[in-house]
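Working notes for the structure below.
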Amino acid sequence: MTNNTSNNQEYDAIIVGAGFAGLYQLICLRDQLGLNCLIIETGDDVGGTWYWNRYPGARCDTESHAYSYYFSDELLKEWTWSERYPGHAEIRKYINFVANKFNLKKDILFNEKVINAKFNENSNNWSLATNTGKQFQSKFVIAAVGCLSNTNIPNIKGLDSFEGKYYHTGNWPKTGVSFVNKKVGQIGTGSTGIQAVPVIAAEAKHLTVFQRTANYSIPARNAPLSEEFKDHVKKDHNYYKEFLKRTPNGHPFEISSRLVSDVSTEEMNQIYEKAWEKGGLQFRATFNDLVTNIDANKTASEFIKGKIRQTVTNKKFANILSDIDHPYAGKRPPIDSHYFETFNRDNINLIDLRSNPIMHIDNEGIQTKENHFNLDIIVFATGYDAMTGPLLNMNITGKQNLKLKDCWKEGPQTFLGLQIPGFPNLFTITGPGSPSVLTNMPMAIEQHVEWVRDCISYMSNKNHSSIEADQKSAEKWGDEVNAVANKTLLPTVKHSWYLGANIPGKPQVFMPYAGGLPKYTEVCDEIKNNNYKGFKLA
Ligand code: NA7
């Protein structure tokens, strides 16, 4: 950790956040461009999302050989993943391995949260302040704050009076939580909740799951990797490097070109069955039109609902779990390890909050419309103020005292998810308007981080001291993000966090770019090759 903590230090670039994005940005700017850089990080170690997400069952849903940095052949040869999907502890080991290999920690200031960032028009630089009162100046600020880092604990009346313990999955105690002999209530059945349920139920005396929206899930089929596969990944990493860049979501599987209507019902069911057995996100890739054609989607949806009904023996639970009101993959599609099977245990209960909503929390537990649940622990698997939350949290002020929160009161506006008009020299890694959460994150991160590096290098070569997204370019890009999203079923799901619908009062705008990473990279490269057309350089 750096000891450079005296007040008002100056840097060429300050990077906020020491997750996958922040660390690689430091390597690019410090080691490749020779800039004087600092990362400011809230946690006491590297890891970003994985520093905070230590909840039971926390595991990445991208396969491990794709959930890796691809910028260093040496790193790819040196690191070996142990399981098909990396667990949270192994990801922290990996990211620590990277930080140590590239000697990054000496330029990271841990345990400091950026609470204010202000652009100075006279000097074309930024002033940053942290929660402990430290001040910094920097020519560039790179917000590598993550898309899912601002936890959402719903405002339920009476939570403060609860005499048990409560935790949000995205801010899990480092020391862990014991559920032994405890009566646990878990609110939320998104990707996180679906991972946590089987592990908590296996340990707790009793688990009550509070479900607001029923969700699809496909078995992950996690398993240790064979020695043969490990060797293959090391030997053939160039294949994956090329593959992950050309496939729309940056995942290591092909998306079929066939349509549901190309095959007979029997063949379709065989295809789904095979994909179900194989497990993982590639279920979504079985047919080309699953996320664009509602009739095609219904076939996948019915197949999964059928699996839920076959798996869950308690008919009431089976009905609650399979009463899904949106297209498959219209929301982020979870994958699981024995989620539906867990509802066959005798220490689990499932409450449908649509018919029996939470009224309040009291000292003993949760009161719904119809029942009271005595609890020792409440687990909030209730998600995040996604994409915009972490940026707005920094209290960013741009030119002419423009506050980001005012600029974005109708929803985020960016150019390429990389820059915001009115906020020069501020870059957002995987910001709203970029492929981000619709892709395998390390792939999206590498593309953004390298684009920022090249842009700063260009500015330095041309003696520019500021870059700012043009307002018109941002407006046009916003239209493009909407147009592309509207070709899919994603914006039709009105309770999706992609739209910000999970946060009361948040403007509902479809935030990620749904056109795929290769297409997006092409757009970014074209802009770069045209001397950053659409940005104002001075
Ligand atoms: P998600 O996907 O946002 O899921 C949050 C869950 O919590 C979801 O089931 C929500 O129901 C539920 N929720 C949220 N607020 C409430 C309230 N007030 N009452 C009851 N239930 C509520 O977050 P995750 O952490 O699971 O996943 C986030 C991403 O992390 C994931 O996509 C991966 O990329 C990794 P809803 O569906 O909104 O009705």
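Close amide H partners of Gly279, meaning residues 5 or more places away or on another chain with modelled amide H under 5 Å apart, do not exist here. In order along the range 224-235, the phi-based Karplus estimate (6.51 cos²θ - 1.76 cosθ + 1.60, θ = phi - 60°) of 3J(HN,Hα) comes to x, 7, 6, 4, 4, 5, 4, 5, 4, 5, 5, 6 Hz; Gly and Pro are listed as x. In order along the range 36-48, the phi-based Karplus estimate (6.51 cos²θ - 1.76 cosθ + 1.60, θ = phi - 60°) of 3J(HN,Hα) comes to 8, 10, 9, 9, 10, 9, 5, x, 9, 7, 6, x, x Hz; Gly and Pro are listed as x.
Excluding same-chain residues fewer than 8 positions from Lys519, which lysines have a Cα within less than 18 Å of its Cα? Output for Lys519: Lys241, Lys245, Lys476, Lys487, Lys528, Lys533. Among the lysines, which fall within straight-line cross-link reach of Lys106, defined as a Cα-Cα distance under 21 Å, with same-chain neighbours fewer than 8 residues apart omitted? Straight-line reach from Lys106, under 21 Å: Lys93, Lys134, Lys139. Expressed as a whole percent, the accessible area of the range 230-273 that falls on carbon and sulfur atoms is 49 (1.4 Å probe).
For the chain, the residue among Gly47, Gly505, Thr299 whose Cα projects farthest onto the positive side of the dipole built from Cβ charges is Gly505. For the chain, the longest principal axis of the Cα atoms and the long axis of helix 441-461 meet at an angle of about 10 degrees. With respect to the chain, whose longest principal axis is taken over its alpha-carbon atoms, helix 237-246 is tilted by about 90°. For the pair the range 267-293 and the range 55-73, the centres of their Cα atoms are 22 angstrom apart. Computed over protein heavy atoms with a 1.4 Å probe, the accessible surface of the chain works out to 41 Å² per residue. For the range 418-453 versus the range 454-493, the inter-centroid distance based on Cα atoms is 9 Å. Placing +1 on the Cβ of each Lys and Arg and -1 on the Cβ of each Asp and Glu in the chain, which of Leu109, Thr430, Asn152 has its Cα farthest towards the positive end of the resulting dipole? It is Asn152. Within the straight-line cut-off of under 20 Å between alpha carbons, the aspartates and glutamates reachable from Lys77 are Glu63, Glu90, Glu227, Glu228, Asp231, Asp236, Glu242, Glu446, sequence neighbours fewer than 8 places apart in one chain being disregarded.
The values are calculated or read from the model by the stated rules, or taken from the named source; none is laboratory data. Quick caveat: nothing in here was measured; it's all calculated off a predicted structure. FYI the Cβ positions are ideal-geometry reconstructions off the backbone, even for glycines, and counts take in every protein chain you see. Please note that ligands, DNA and RNA were not included when accessible areas were found on the heavy atoms of the full protein model with its side chains. Shrake-Rupley method; radii C 1.70, N 1.55, O 1.52, S 1.80 Å.
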